[in-house]
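The values are calculated or read from the model by the stated rules, or taken from the named source; none is laboratory data. Fair warning: this is a prediction, and the values are worked out from it, not measured in the lab. Glycine also receives a Cβ, built like all others from the backbone with ideal geometry; neighbour counts cover every protein chain displayed. Heads up: the accessible areas ignore ligands, DNA and RNA and are worked out on the full protein's heavy atoms, side chains in. Shrake-Rupley method; radii C 1.70, N 1.55, O 1.52, S 1.80 Å.
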Amino acid sequence: MEEAEAESLNLKSFLKWAAELGISDSPPTSTIQSDSCLGQSLFVSNFPEAGGRGLAAARDVRKGELILSVPKGALMTSQSLMMNDEALSIAVKKHPSLSSTQILAVALLNEVNKGKSSRWWPYLKQFPRSYDTLADFGKFEIQSLQIDDAIWAAQKASQKAEEEWNEATALMHELKLKPQFLTLKAWLWASGSISSRTMHIPWDEAGCLCPVGDFFNYAAPGEETSDSEDQAAGKASSLPEDGMLKSETELAAAHRLIDAGYEKDVSSYCFYARRDYRKGDQVLLCYGTYTNLELLQHYGFLLMENPNEKAFIPLEPDMYSLCSWENELLYLQPDGKPSFALLSTVRFCAVPKTSRRSVVHLVYSGNRLSTENEVVAMRWLAKKCRTILDILPTTAEEDGNLLSFLGEFLDIHQSGEIKEMSSPLPTELCAFIKSKNLVSEGIFAMSRVARRSIERWKLAILWRHLYKRILWNCIVHCTEVINDIVSRDSIQ
Ligand SMILES: C[S@@+](CC[C@H](N)C(=O)[O-])C[C@H]1O[C@@H](n2cnc3c(N)ncnc32)[C@H](O)[C@@H]1O
């Protein structure tokens, strides 16, 4: 059977299985019996440019409408997995130091280990085979990020995954998992599934895996969720289970922004439309507010246009303590403009040390201190960005060219062995192919693994390209501010 045909049959039996568990996209009053849980409000579709498989509106949908409900019994949690598996439950109790996420990862692998005999088998077959989160990045992809902060985040993510795997190995051996489920690769699959697919529930920090609900692709929070209508409608809210929402402010923001949650009164996970949708539109979910690096870290993708993107630039050491801003507030926005905190810090630094006391109140008001100060501040910022860009191994333009080349390369070489390349390969691609041992006896095989590997590397290149674009935007912005001041001065 063709792979696509098998996939379609698997999906069909999954949607039937989901309907039997009470998952439904029908209005609560409806009593329609169906062999699919979808079809009334949603259907599964493919969106190659926005997340791949996702959910589309089966009819015109109004903002605030309930579009999917998943009963508690259909949620896959550590608790529900242990309830049906005494051996798992007993073994887990012997390892109290494991975190709730590690327990869910082991329970997930333990379930996959059962194969077809697992009651969750139709659902498990819908999971991706591998992920592109930062923890999945190899050394080459990590270095390809080029920016120290991002390299550090990726190294940390991959070290953390390995440490957590090591800690959980004893439990997995006790459960007598098959060798292929004891590997780091299997662990990365389980932790990638948890990181990119779980939803918040109040009774387990690791969250739950929510069949069908985890088919919603992501849209960044925008204007439609910034008003108070959702709270006015009294909807429950959920938090993405990812450990990213650290501060109270972030938690509060996430509560406002997310459009799905577990509702105790109906014992179901409920999903609401966050805006009006026309029939056929992709229906999206906001998992939270993320920069592109955070999206990569937790979900393995990034957005070309991310309103929440932030480019952090290394400042002089004393600048971090000069004002009372937290470091996370000192960044460039996607349009290149400095954040309020960064702008005021740079302005303050541009004041001679002896005069700083007298301008403290003005700095925090967000006002320009003087035209001279503004010019010095903007010059400093533009120079900083230029210096950072100058020392990076590639320019934004080169990254853009490499991305186009890789896009064409993947299109031309769909699969199979490649003996002769149509054009000379870019140096970085040669280094990539060599580091991944993709060539054997002069022949490059475009296997599924090679393709995935290139796709993952493309994400690293795209990330650094977008970072550099913000720094360029900043240089343009600073130059415009300076030119504006100079031209006003010359008129006066
Ligand atoms: C909860 S799943 C969504 C459904 C997923 N597409 C599937 O086929 O199972 C989250 C994953 O979908 C992909 N994704 C979601 N939104 C995306 C977007 N806007 N652009 C690209 N990929 C996206 C990412 O791979 C992410 O880790």
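Looking only at the stretch 295-314, filter to residues that are more than 12 Å from the ligand (Cβ to nearest atom) and surrounded by fewer than 22 Cβ atoms within 10 Å (Cβ to Cβ); which one of those is farthest from the chain's Cα centre (by Cα)? Don't jump to the end; show me each part of the working.
Here is the first cut: in the stretch 295-314, the residues more than 12 Å from the ligand (Cβ to nearest atom) are 307-314.
Applying the additional criterion that residues be surrounded by fewer than 22 Cβ atoms within 10 Å (Cβ to Cβ) yields 307-308, 310, 312-314.
Working: 307: 14, 308: 12, 310: 14, 312: 18, 313: 21, 314: 24 Å.
Only one residue fits best here, namely 314.
Residues that are more than 16 Å from the ligand (Cβ to nearest atom) and at pLDDT 95 or above number at least 3 in the following helices (runs of 4 or more DSSP H) confined to the stretch 157-271: 184-197.
Just one of 461, 482, 475 is under 23 Å from the mean Cα position of the chain (by Cα), assigned by TED's automatic domain parsing to the domain that holds residue 332 and of a type in the set (A, V, I, L, M); which is it? Steps first, answer last, please.
Values: 482 fails: under 23 Å from the mean Cα position of the chain (by Cα); 475 fails: under 23 Å from the mean Cα position of the chain (by Cα).
Criteria check complete, one pass: 461.
Pull up the stretch 434-444, narrow it to residues that are more than 17 Å from residue 411 (Cβ to Cβ) and not hydroxyl-bearing (Ser, Thr, Tyr), then point me to the one that is nearest to the chain's Cα centre (by Cα). Talk me through it step by step, then tell me what you get.
So in the stretch 434-444, the residues more than 17 Å from residue 411 (Cβ to Cβ) come out as 434-443.
Within this subset, residues satisfying the condition of being not hydroxyl-bearing (Ser, Thr, Tyr) are 434, 436-439, 441-443.
Details: 434: 29, 436: 25, 437: 28, 438: 28, 439: 31, 441: 38, 442: 37, 443: 35 Å.
Within the stretch 434-444, the match that is nearest to the chain's Cα centre (by Cα) is 436.
Taking residues in the stretch 1-25 that are among the acidic types (Asp, Glu), and partners anywhere that are in a strand (DSSP E or B) and open to solvent by less than 30 Å² (accessible area, probe 1.4 Å), the pairs with Cβ atoms closer than 9 Å and at least 6 places apart or on different chains are 25/42; 25/55; 25/67; 25/68; 25/69; 25/271.
Among the residues in the stretch 22-33, are any closer than 19 Å to residue 270 by Cβ, more than 29 Å from the chain's Cα centre (by Cα) and crowded, with 17+ Cβ neighbours inside 10 Å? Talk me through it step by step, then tell me what you get.
Residues of the stretch 22-33 closer than 19 Å to residue 270 by Cβ: 22-32.
Pick out the ones that are also more than 29 Å from the chain's Cα centre (by Cα) and you get 22, 26-32.
Subsequent filtering for residues that are crowded, with 17+ Cβ neighbours inside 10 Å retains 26.
Among the residues of the stretch 22-33, at least one is closer than 19 Å to residue 270 by Cβ, more than 29 Å from the chain's Cα centre (by Cα) and crowded, with 17+ Cβ neighbours inside 10 Å, which makes the answer yes.
With respect to the conditions (1) within 30 Å of residue 209 (Cβ to Cβ); (2) touching an Asp or Glu at 6+ places or on another chain (Cβ under 6 Å), residue 334 lacks only one, and its number is (1).
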